[in-house]
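Written out below as structure tokens is the structure these notes cover.
The values are calculated or read from the model by the stated rules, or taken from the named source; none is laboratory data. Quick caveat: nothing in here was measured; it's all calculated off a predicted structure. We work out accessible area using only protein heavy atoms, side chains counted, and drop any ligands, DNA or RNA first. Shrake-Rupley method; radii C 1.70, N 1.55, O 1.52, S 1.80 Å.
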Amino acid sequence: EKRILFHKASEEMKVKTARAVAIAKAEADRANEDIHLRRLKAESEQRRKRNIAAINAVFAHVSASLSSAASKPKEVLTFVGYICLFVSSIFFARETSKLIRSIIESFIGRPQLVRETTRRSLPWS
């Protein structure tokens, strides 16, 4: 009987110990959850501030560029002219290469039944 009582007491102690451990672990998890939530909130707030600062910097740069452009219209016109010159030079080079290709093909002798549409070309040509 002593063994049975001793065994029961030992089992009860194990159960009480397990409950105490579970309660302590749950409290620690709750405390850690608060810390985790605070850390997540702080990180999101910091990310939000960084994004707002980046947006403000971009808009400040754009507004400075526009005010500079408004005060110097000759430079803006020169810039637009260079852009147009660049685009037209690309178009001119493309058309010139097509013309040179057709001249070379006429010297080499392309078959008459081959059409221009059956030729594989680059996507931008």
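Below is a table of values for the structure above.
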{"item": "Checklist (1) open to solvent by 90 Å² or more (accessible area, probe 1.4 Å); (2) modelled with pLDDT under 95; (3) not polar (S, T, N, Q) applied to residue 61, failing item", "result": "(2)"}
{"item": "Only one of 56, 51, 32 that is part of a helix (DSSP H, G or I) and modelled with pLDDT under 90", "result": "32"}
{"item": "Count of the range 22-58 residues which are open to solvent by 100 Å² or more (accessible area, probe 1.4 Å) and under 23 Å from the mean Cα position of the chain (by Cα)", "result": "6"}
{"item": "Filtered residue count, the range 71-122, keeping only those that are open to solvent by 70 Å² or more (accessible area, probe 1.4 Å), modelled with pLDDT under 90 and among the hydrophobic types (A, V, I, L, M, F, W, C)", "result": "6"}
